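Asks: Please find one structure pasted underneath; my questions will follow.
The values are calculated or read from the model by the stated rules, or taken from the named source; none is laboratory data. Source: prediction; values computed, not measured. Here the Cβ positions follow ideal geometry from the backbone for every residue, glycine too, while neighbour counts run over all protein chains shown. Accessible surface areas use protein heavy atoms only, side chains included; no ligands, DNA or RNA. Shrake-Rupley method; radii C 1.70, N 1.55, O 1.52, S 1.80 Å.
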Amino acid sequence: MYWRVEGSLLDMSAVRALGFFTWNAQTFTERWARRGLIAVSAVFRPLFYAAHRVFATRALHTVLRGISRDRLDLLGEEFFEYVLKPRLRPEALRLLEETLASGARVVLVSQSLDHVLAPMARHLGVREIIGNRLEFRDGHATGRLLDPVIRPRGGLALILGEKPDGRVPFDRLASDLGYSATPEILRQAVRPAVREVPRLRRPLVHFECNQMREPLEVRRSYAAKHILLAGGTGFIGKVWLAELLREIPDVGRITLLVRRRRSSCALRRFERLVAESPVFEPLYERHGANLARFLAEHVEIIEGDASEPGFGLPEDVRRRLQQSVDLVVNSSGLTDFNPDLRDALAGNVRAVMHLAEFLRASDHAALLHLSTCYVAGRRDGRFAETLTPNYTPVGVAGFDAGLEWRALEERIREIERRAEDPEITELLRREALAKPGAAKELAGPALENQIRKNRLRWIRTQMVDEGMRRAAELGWPNTYTFTKSLAESLLVRHAAGLPVAIVRPAIVESSMERPFRGWNEGINTSASLSYLLGTYFRQFPSNERKRLDLIPIDLVTGGMTLIGAALLNRRHKPVYHLATSVSNPCDMRRSIELTGLGHRKHFRAQPDFDSQLRMRLDAIPVSKKRYQRLSAPAQKAFVQRINRMAAPIFRRAPLARHERDLEWVENLIALFEPFILLNNHVFEADNVRELSEALPENEKSVFAYDPFGIDWWDYWINVHLPALRRWSYPLIEGRPLDLIPRDFRWPREAESAAQPMPAGPSGSGPRSGR
């Protein structure tokens, strides 16, 4: 049953929708230029329509040339929701509902673009449409309409007026649209009322066919196995833990190595984690009041620290683990970009060496070590899944990772010794007395205490600077990637001949499905940048063609599960990338626009003036030169001049807050510059796809690794941005998260399984996390 929208449900012209699209283009220049074209075409439009309605329709849509499919999809939804939906005619709606209720297969027909018609059809419960469709190349409209062109109704239909019944026999519809001679073209134009998502497929070639003959049965591989998990309280670790318990309840036992934190022992930390983290919500739903008992049966909590020799465990406990553990998963580490060098080496290097020692003393354990794709450093190009011992991005001849590690440890001791020098002590004393009012208040023990605090601050600053300096010399953008790469090189040497797989995720972000749709945590890589793009900041320095390699966390944890199964079966490879830059790339230009569209969708639903204004301020990618000339650096310099001029008049600088805000923006851009502007990395990820292809059919729906299935439009606008707005933006703004902790207590009879350790140096070490 074909139902013509114009004249029944709505009195809708194509010009109004096009005007909406053009007025909401990404840049101000685009908006005025496209509106100008529509204004000029208004002079000739009546003549075009009188002469040839199909040509006139084609000519009208050329103004959309260059607009992205992403923008048209969102604006089409918005145009229907806020402009057309309130104007739907009640009587026509009633007739359409009756027709659908009768079981008829209804097809909506309209001269509107499918970007508008599809949301309307979904709202009305209609599954199929015939509308005008634009041609796209590289995700942007060419301005050309695809056949068939749905022309406007003729003059006679306009004279006869409107009627609520839009049903049209197919023969008459074909005649009205000029397809009487070729009706099949019209039948073939019927499309489902869903967004068309191009699904990329890249062939996977197996060069080592003998490894892929046997299926990789994940559940059988983990059944009755003993897993040791370090970093299980971190971002990735706890998601993997919850997923493993949910999908493979037959796993033998999972031992968590958890550090004491101040006065909280390991068991109390784990209790708080399960009670407060939404990650465990699916397990609550499945097990209810029996969750504590289920966890006690499958999980063992041991208090220790991977950065301490022997994990800080008693000899008998460590030996028991070495005899029984089948797989060690290391998701621990420090992920701050430029932390204190002592913490970075303890969490990212020393802990890995202790794990290698554990593995060598173990009877049969394998190791899955979580690293990062960005150990590649400041280099461009396509990176294969290979491991280069003693690697440096700048190719330093004769570099030795072991010597480098010892040199860094010696440099730490040298800085700590220098902090006690009389010269530094005098400098710190003068700093303490230089504070306003300090000369009268500070003396004796109070002065010594302030000097001590200043010394700790001075040491930390020196440690941070030393890590950044050495990383830059060797070609890494920050201390995090430097120490991660150093650990990989040391692992190659110290775990040679042992079953080890190094797993390198790209930028790990919000979940698509597991533990549930749209979970995130903390202030991560994209949170600060996307928050910035939701403010009045518009000119974002970036390389438009650079691929921003984001990967949802459930793809990462799913990949880890596959790789763990391969390790247990000894059919693993040394390195696995978990990335999307080859299989499903999303470049910076698109990422910036999708972020703006995600913010637009949120602000459009807010009634206040500030939100309505922000909705119209799309961020745009610009060169670094333009950013420095017109954006935050230039604005900060201007504000600083005003504050200096006002200093003789005002006690406090009138624009001090604006200056701090602009400095925050400038520092943020500088921190993330390697990921948004420099070094176009492309990471292959074929090894994990080989494992995914080897899964039996009955496990593919749960464990398959499928980056091709990511629809970046839907992910960015409907998943990732809402997740950041719920889980990350409150932390940036200093607001508490809206969480309701559950009442969770470890069973008393199982508490003896946790190994208590005295509080010590491990209590102040680096945190496990992202």
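Asks: Excluding residues fewer than 8 places away in the same chain, name every one of the lysines whose C-alpha is closer than 20 Å to that of Lys453.
Replies: List returned: Lys435, Lys440.
Asks: Sticking with this one: Taking a probe of 1.4 angstrom, what is the accessible area of Thr62 in Å², to the nearest 10?
Replies: 70
Asks: Quick check: at a probe of 1.4 Å, how many percent of the accessible area of segment 1-95 sits on carbon and sulfur atoms?
Replies: The C+S portion of the solvent-accessible surface of segment 1-95 is 64 percent.
Asks: Which lysines have a Cα less than 26 Å from the Cα of Lys225, not counting those fewer than 8 places away in the same chain?
Replies: Partners found: Lys238, Lys573, Lys700.
Asks: Also, quick follow-up: Between Glu135 and Gln606, how high is the FRET efficiency from 1/(1 + (r/R0)^6) when r is the Cβ-Cβ distance and R₀ = 45 Å? Nearest 0.05.
Replies: 0.80
Asks: Compute the distance in nm between two label points, each set 7 Å from the Cα along the Cα-to-Cβ direction, one at Arg167 and one at Ala472.
Replies: The answer from the label model is 7.5 nm.
Asks: For Lys484, go through the aspartates and glutamates and keep the ones whose alpha-carbon is under 14 Å away, minus same-chain ones fewer than eight residues off.
Replies: Asp336, Asp343, Glu404
Asks: Report the antiparallel proportion of the DSSP beta bridges in the chain as a percent, rounded to a multiple of 5.
Replies: 20
Asks: Determine, at each q value in 0.17, 0.26 (inverse angstroms), the log₁₀ of I(q)/I(0) that the Debye formula gives when each Cα of segment 219-284 is one equal point scatterer.
Replies: Taken in order of the listed q values, log10 I(q)/I(0) reads -0.61, -1.22.
Asks: Taking the solvent-accessible surface of protein heavy atoms with a 1.4 Å probe, what is the per residue accessible area of segment 509-602 in Å²?
Replies: For segment 509-602, the per-residue accessible area is 26 Å².
Asks: Okay, moving on. Sorted by mean Cβ packing within 10 Å, highest first, what order do the peptides 293-304, 724-735 take?
Replies: Per-residue mean Cβ counts within 10 Å order the peptides as 293-304, 724-735.
Asks: Among the listed pairs Lys546/Lys601; Lys546/Lys624; Lys85/Lys601, give every one whose C-alpha distance is greater than 19 Å.
Replies: Flagged as over cut-off: Lys546/Lys601.
Asks: With the other protein chains left in place, how much accessible area per residue, in square angstrom, belongs to segment 312-405 at a 1.4 angstrom probe?
Replies: Accessible area per residue: 36 Å².
Asks: Sticking with this one: Name the residue from Val190, Gly237, Phe358 whose Cα lies farthest towards the positive end of the charge dipole of the chain, charges +1 on Cβ of Lys and Arg and -1 on Cβ of Asp and Glu.
Replies: After comparing all options, I get Val190.
Asks: Okay, moving on. In segment 509-573, which GluC sites (Glu not before Pro) are in a loop and have at most 14 other Cβ atoms within 10 Å, using DSSP for the loop call?
Replies: Glu513, Glu544
Asks: Taking only protein heavy atoms and a 1.4 Å probe, what accessible area per residue, in Å², does segment 92-191 have with all protein chains in place? The partial results should precede the final answer.
Replies: Details: 4880 Å² over 100 residues.
That works out to 49 Å² per residue.
Asks: I've got another one for you. Ignoring ligands, DNA and RNA, what percent of the 1.4 Å accessible area of segment 329-450 is carbon and sulfur?
Replies: 51
Asks: Based solely on its DSSP helices, what 222 nm [θ] is calculated for the chain when runs of n ≥ 4 H residues each add -39,500 (n - 2.57) and the sum is averaged over all residues, nearest 500 deg cm²/dmol?
Replies: Rounded to the nearest 500, it is -14500 deg cm²/dmol.
Asks: Between Glu420 and Glu697, what is 0.36 nm times their sequence separation minus the Cα-Cα distance? Round to one decimal in nm.
Replies: 93.2 nm
Asks: Out of the trypsin sites (Lys or Arg not before Pro) in segment 225-264, which ones are loop residues according to DSSP with at most 13 other C-beta atoms within 10 Å? Don't jump to the answer; show the numbers that get you there.
Replies: Numbers: sites: Lys225, Lys238, Arg246, Arg253, Arg259, Arg260, Arg261, Arg262; in loops: Lys225, Arg259, Arg260, Arg262.
Counting only loop positions with at most 13 other Cβ atoms within 10 Å, the trypsin sites (Lys or Arg not before Pro) in segment 225-264 are Arg262.
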